[in-house]
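These notes concern the structure reproduced below.
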Amino acid sequence: RMNLSTVCTKDKNVVDIGCNDGYITMLVAPMVNSATGVEPHVELPTDKPDNVKWAKVDFNKFLARKTSANKFDVVLSLAVSIQLRDFGGLTEQEIVDGYASLLTPGGIVVHETQKLEDRPNNQEHTKWMLEAFATKFEIIDHGQARPGCRREYYHFQKV
């Protein structure tokens, strides 16, 4: 539902921030050149394709150790940004700046919101994330991410 196949193509290197059990990372792995899952809290599968890597660190540590060789074409941010704020101590702008620093020129962030219906905190966070994304990205796709729970997705392209 998030049109991942339009941005996750064979020539792309993808990083999945807060990948949980690696399900989405493993799902996109056959579609891309390489997939890196970043997850500090969940044990990740040891049986994985050769093009999948795991980084068992939090987002802040992952950002601190990045190099120019660690640039990605696509950042997956699937219902994780509020945790980066609440547990990682980052502002919405710092999250977006971090995503931008991981991307190659013209790179894409696939951002999925938290559940929005009847959740004012999540709605406010989404508003701030959209304002932060507007400082470095343009929206190239937007829609409903998952049926029944009122999550939205955005594809943002780095400008």
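Suppose R0 equals 35 Å. What FRET efficiency, 1/(1 + (r/R0)^6) with r the Cβ-Cβ distance, do ASN33 and GLN83 give to the nearest 0.05?
0.80
By DSSP, what percent of the beta bridges with both residues in the chain are antiparallel, rounded to the nearest 5?
40
If packing is taken as the average count of other Cβ atoms within 10 Å, what order do 74-82, 2-10 fall into, highest mean first? List each step's numbers first, then the result.
On the way: 74-82: 23.0, 2-10: 16.4.
Highest mean packing first, the order is 74-82, 2-10.
With axes computed from alpha carbons, what is the tilt in degrees of helix 92-102 against the longest principal axis of the chain, rounded to the nearest 10 within 0 to 90?
Orientation of helix 92-102: about 30 degrees from the principal axis.
What ranking do 31-41, 139-149, 85-95 get when scored by the average of other Cβ atoms within 10 Å per residue, highest first?
Put in order of decreasing packing, that is 31-41, 85-95, 139-149.
With a Förster radius of 22 Å, plug the Cβ-Cβ distance of THR91 and ASP118 into 1/(1 + (r/R0)^6) and report the FRET value to the nearest 0.05.
It comes out at approximately 0.35.
Using the Cα centre of segment 58-145 as the reference point, and only Cβ charges (+1 on K/R, -1 on D/E), how large is the resulting charge dipole? Debye, rounded to the nearest 20.
Value, rounded to 20: 360 debye.
Past 19 Å, Cα to Cα, is the threshold; run LYS56/LYS115; LYS53/LYS136; LYS10/LYS71; LYS61/LYS127; LYS61/LYS136; LYS12/LYS56 against it and keep the listed order. Let's see the in-between values first.
On the way: LYS56/LYS115 26 Å; LYS53/LYS136 27 Å; LYS10/LYS71 16 Å; LYS61/LYS127 26 Å; LYS61/LYS136 22 Å; LYS12/LYS56 22 Å.
As for pairs spanning more than 19 Å Cα to Cα, those are LYS56/LYS115; LYS53/LYS136; LYS61/LYS127; LYS61/LYS136; LYS12/LYS56.
Starting at 0 and stepping by 5 Å, how many percent of the alpha carbon pairs of segment 46-135 end up in each bin?
In order of increasing distance, the bins hold 3, 12, 22, 25, 18, 11, 6, 3, 0 percent.
When only alpha-carbon atoms count, how far does segment 89-159 stretch along each of its three principal axes, as whole angstroms with the largest first?
Principal extents (largest minus smallest coordinate, Cα): 36, 26, 15 Å.
Any aspartates and glutamates with Cα under 12 Å of the LYS158 Cα? List them, leaving off those in the same chain fewer than 8 positions away.
Of all the aspartates and glutamates, those that pass the test against LYS158 - Cα under 12 Å, at least 8 places apart if same chain - are ASP73, ASP97, GLU138.
So for the chain, considering every pair of alpha-carbon atoms, how many percent are separated by more than 27 Å?
Beyond 27 Å sits 15 percent of the P(r) for the chain.
Could you give each residue of segment 28-39 its phi-based ³J(HN,Hα) in whole Hz, using Karplus coefficients 6.51, -1.76, 1.60 with θ = phi - 60°, and x for Gly or Pro?
7, 3, x, 8, 10, 5, 8, 9, 10, x, 10, 7
What part of the accessible area of segment 76-159, given as a whole %, is carbon or sulfur when the probe is 1.4 angstrom?
The computed percentage sits at 51.
Please calculate the 1.4 Å probe accessible area of PHE137, with all protein chains present, and give it to the nearest 10 Å².
Here the residue's solvent-accessible area equals roughly 10 Å².
Keeping all protein chains in place, calculate the accessible area per residue for the chain (probe 1.4 angstrom), answer in Å². Show your work: numbers first, answer last.
Numbers: 7940 Å² over 159 residues.
Per-residue value: 50 Å².
Roughly what angle does helix 120-133 make with the longest principal axis of the chain, taking Cα atoms, 0 to 90 degrees, to the nearest 10?
60
The values are calculated or read from the model by the stated rules, or taken from the named source; none is laboratory data. The structure presented is a predicted model; accordingly, all values stated were derived computationally and were not measured. With ideal geometry, Cβ positions are generated from the backbone for all residues, glycine too; neighbour counts draw on all protein chains shown. What goes into the accessible areas is simple: the full protein's heavy atoms, side chains included, and nothing from ligands, DNA or RNA. Shrake-Rupley method; radii C 1.70, N 1.55, O 1.52, S 1.80 Å.
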